[in-house]
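The values are calculated or read from the model by the stated rules, or taken from the named source; none is laboratory data. Computed from a predicted model, the values in this text were never measured in an experiment. For neighbour counting, all protein chains shown are included, and Cβ atoms are generated from backbone atoms with ideal geometry for every residue, glycine included.
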Amino acid sequence: MSTPAETVDTPYGRFARATSGLFVAGGDPELAVSTQSAGRVPELAARLAAFARAPRAWTRRATDAVVRAFSEGEPSASDLDEAAADLRLETVEVRDDGAVVLHLEDGCGEHFMQGYWPAVRFDDDGDVVEVTVEA
């Protein structure tokens, strides 16, 4: 007999424990909260409100940040537009420290090796603070 998954209901969906430190809610994009404590999920999920009000703007800021992080010099408007078309938002994660991280997928496979993807971390004010490549 299996035990039911630990779940937490929020205004952004029902988050279920996926691993010891991650709760996820399905959807497109997938929503994730990284915390060990189910009791913190509602508080952290509330950080999704700013993203939910303007998902396209957040996604565009993320794709622009990726291009700027990996370009030599200032990218052209067409470089930024191409990245916005090629990089698809896969997951919105809220980390235990309250940071919002957008995980992007390389839709055309020309920018990142298979199994790797860019992630863009935003601070409490919604400003980009870090661009990383994850695996």
Original post:
Which one is surrounded by the fewest Cβ atoms within 10 Å (Cβ to Cβ) among residues in region 55-78 that are among the hydroxyl-bearing types (Ser, Thr, Tyr) and under 17 Å from the mean Cα position of the chain (by Cα)?
Top reply: THR59
Original post:
Which ones in region 79-114 are modelled with pLDDT of 95 or more, among the small types (Gly, Ala, Ser) and over 14 Å from the mean Cα position of the chain (by Cα)?
Top reply: ALA83, ALA84, ALA85
**OP:** Spot the failing condition for ARG40; the list is (1) in a helix (DSSP H, G or I); (2) under 23 Å from VAL128 (Cα atoms); (3) out of contact with any helix residue (DSSP H, G or I) (no Cβ under 8 Å at 6 or more places or on another chain), and only one is missed.
**Re:** (2)
Original post:
Looking at this structure, is LEU31 at pLDDT 95 or above, within 17 Å of the chain's Cα centre (by Cα) and assigned to a helix (DSSP H, G or I)?
Top reply: no
Subject >> Matching residues in region 16-28 - criterion: being small (Gly, Ala, Ser), assigned to a loop (DSSP other than H, G, I, E, B) and closer than 23 Å to ARG88 by Cβ >> reply: GLY26, GLY27
**OP:** Scan VAL120, VAL133, VAL92 and give me the residue that is assigned to a strand (DSSP E or B), in contact (Cβ under 8 Å) with a residue 60 or more places away in the chain and either in contact with a Leu (Cβ under 6 Å, 6 or more places away or on another chain) or not acidic (Asp, Glu) (or both).
**Re:** VAL92
